[in-house]
Ligand SMILES: [Zn+2]
């Protein structure tokens, strides 16, 4: 269970617990339980990573770094290579091929200066080399040096599976995102925001988005990740390998896709966009930890306000009782001093 999922589960529990312990109104408890059940169901949507097919060996990595990045290099050298099995499976490779050089580049290097600052790494399949900029790790889509390594090595493996033939950027990046983390966790809030803000994109527009600066680049990754994830879900984890193998035989991407999946590419893309209904746009927001904690805070504030209203009403009731008692005592005293008085206000005056 990752941190986000854990937070979501804790939030669900907290909402229900808060409702049961603080609120007295049955309607509020019901509403809170409904919220909890909706969120509880929603956080269980993450699907597992692709099953690892028969793999004879994993890629050999040769990490190279200047002394200033020795710590990051050591960290990568100690990182298990087993997660690269996901990329191997998606590529459909049993053997990874030649060793891959992993170059860690500091920000003051010519390589870093010559690369747009939002690019945290890149792969050169022809040279069997990936370059990582450790100082740029942390922003989407490079969330850690380990996942960045998986991502870039995946590009090398996909290129090998495709025999060096060109693969559309959106497909390549979407697959690399699927290779670096469990499927189903490709940043749904970012995709949701992209859909709400920008709507449907053609593949042509998506391809161009990768080269349009930092924000556009991140939107392109979010859409490509979700689109490829959807294609893998519909056509199976091994469908990408079939597409890449056909590209390796010299088939054009669109032709390879329809031959490998039995579905025309345009139909598959249309189906993806038609599935992005309104509720799919908003559920990721509603299940995000920020929203859940906001909901908890609002529920707590509501409960406090309700409690204060009840206490104020109680105090008003007590005041009324006191005033009534004072009036009753005053009337009794008046009647004691004047036995003829009836007690009505007209008669007292
Ligand atoms: Zn990439």
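Quick note: the coordinates plus some simple rules give every number you see, no bench work behind them. Source: prediction; values computed, not measured. Don't worry about glycine lacking a Cβ; one is built from the backbone with ideal geometry, like all the others, and counts go over all protein chains shown.
Packing here is the average count of other Cβ atoms within 10 Å per residue, and on that basis the peptides 72-82, 146-156, highest first, run 146-156, 72-82. Across segment 61-287, the relative contact order, built from alpha-carbon pairs under 8 Å that are at least six residues apart, equals 20 percent. The mean of 1/r over all distinct Cα pairs in segment 82-211, once inverted, gives the Kirkwood hydrodynamic radius of 15.6 Å. If R0 is 45 Å, what FRET efficiency do you get for residue 139 and residue 301 from their C-beta distance, rounded to 0.05? For R0 = 45 Å, the calculated efficiency reads 0.85. A Stokes-Einstein calculation at 37 °C with viscosity 0.692 mPa s, built on the Kirkwood radius of segment 113-159 over Cα pairs, returns a diffusion coefficient of 306 µm²/s. One decimal place: the segment residue 60-residue 95 gains 11.5 nm when fully extended, by the rule 0.36 nm per residue minus the C-alpha distance.
For segment 61-287, the Kirkwood estimate of hydrodynamic radius, built from reciprocal distances between every pair of different alpha carbons, is 18.0 Å.
If the segment from residue 270 to residue 320 were pulled out straight at 0.36 nm per residue, it would be longer than the present Cα-Cα gap by 11.2 nm. Between residue 310 and residue 126, the modelled labels are 7.4 nm apart [label points 7 Å from Cα along Cα→Cβ]. A Förster distance of 45 Å, applied to the separation of the beta-carbon atoms of residue 70 and residue 216, puts the FRET efficiency at 0.80.
Computed extension gain for residue 82 through residue 263, at 0.36 nm per residue and net of the alpha carbon distance, reaches 61.9 nm.
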